[in-house]
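This report concerns only the one structure given below.
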């Protein structure tokens, strides 16, 4: 009983001192180390911390993940068109007409995708991110891509009117002429929208309301 009473008095004195006196720097460092150890040793705290970090990273990377999904689709479609250009589209159950229609579909999708970016997304990003401004890399890449798309459109029209004029060599040469600028742009855009890069220009709360 005496031992318990003495311990209680001792704890009360410590508590009174803690509220009446400012802790020393060394004590604060000691208390911080103890807290860090307790957090690290508590699996619940660690799991919650890891979960919060993962959720925040998903928010930071939201735009790049969504853009990556679009871009992966474009790459797959482009590569499929290139591979089947030699006439092997027949082996996959496609006629020349359907193959040309698939090429037209990629052309329309890329045009729509870039139109949306340039009208609704890039102007907002460009306020803080130089690479999205009108005279910078991404817009210039769009111009290069659409030069290739315009030439492709002319070929597609010619072959639809005169299917016997279809040339695998011409088709692949056309695709080759803008492959590099397309694939480089698709990768660079996703990289510029990555969470790691976006942290340089935006807050996490702003990331949640940026359009995509």
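Read-outs throughout are calculated quantities, based only on the coordinates presented, and are distinct from any laboratory measurement. Since we're looking at a predicted model, the values are computed, not measured. Every residue, glycine as well, gets a Cβ built from its backbone with ideal geometry; the counts of neighbours run over all protein chains shown.
What ranking, highest mean first, results for peptides 92-103, 160-171 when packing means the other Cβ atoms within 10 Å averaged over each residue? Present the calculation step by step, with values, prior to reporting the outcome.
Numbers: 92-103: 15.0, 160-171: 12.3.
Most protected by this proxy first, the peptides run 92-103, 160-171.
Cβ-Cβ distance of residue 165 and residue 134, R₀ of 41 Å, FRET efficiency by 1/(1 + (r/R0)^6): the value works out to about 0.60.
How would you rank 62-69, 176-183, highest first, on the average number of other Cβ atoms within 10 Å across their residues? Mind showing how you got there, number by number?
Values: 62-69: 17.2, 176-183: 15.6.
Descending packing order for the listed peptides: 62-69, 176-183.
Across the range 62-212, how large is the tail of the calculated P(r) beyond 28 Å, expressed as a percent of all Cα pairs?
On the way: 3204 of 11325 pairs.
Of all Cα-Cα distances in the range 62-212, 28 percent exceed 28 Å.
Pair-distance distribution P(r) for the range 87-170, from all Cα-Cα distances in 10 Å bins starting at 0: 16, 37, 24, 17, 7, 0 percent.
Expressed as a fraction of 2.2 N^0.38 Å, the rule-of-thumb size for a compact globular protein of N residues, what is the C-alpha radius of gyration of the range 57-98?
Values: Rg = 15.6 Å, N = 42, 2.2 N^0.38 = 9.1 Å.
Compactness ratio reported: 1.72.
Here the spin labels are modelled as points 7 Å beyond Cα on the Cα-Cβ line, and at residue 124 and residue 154 they lie 3.8 nm apart.
The range 136-212 and the range 47-115 have their alpha-carbon centroids 11 Å apart.
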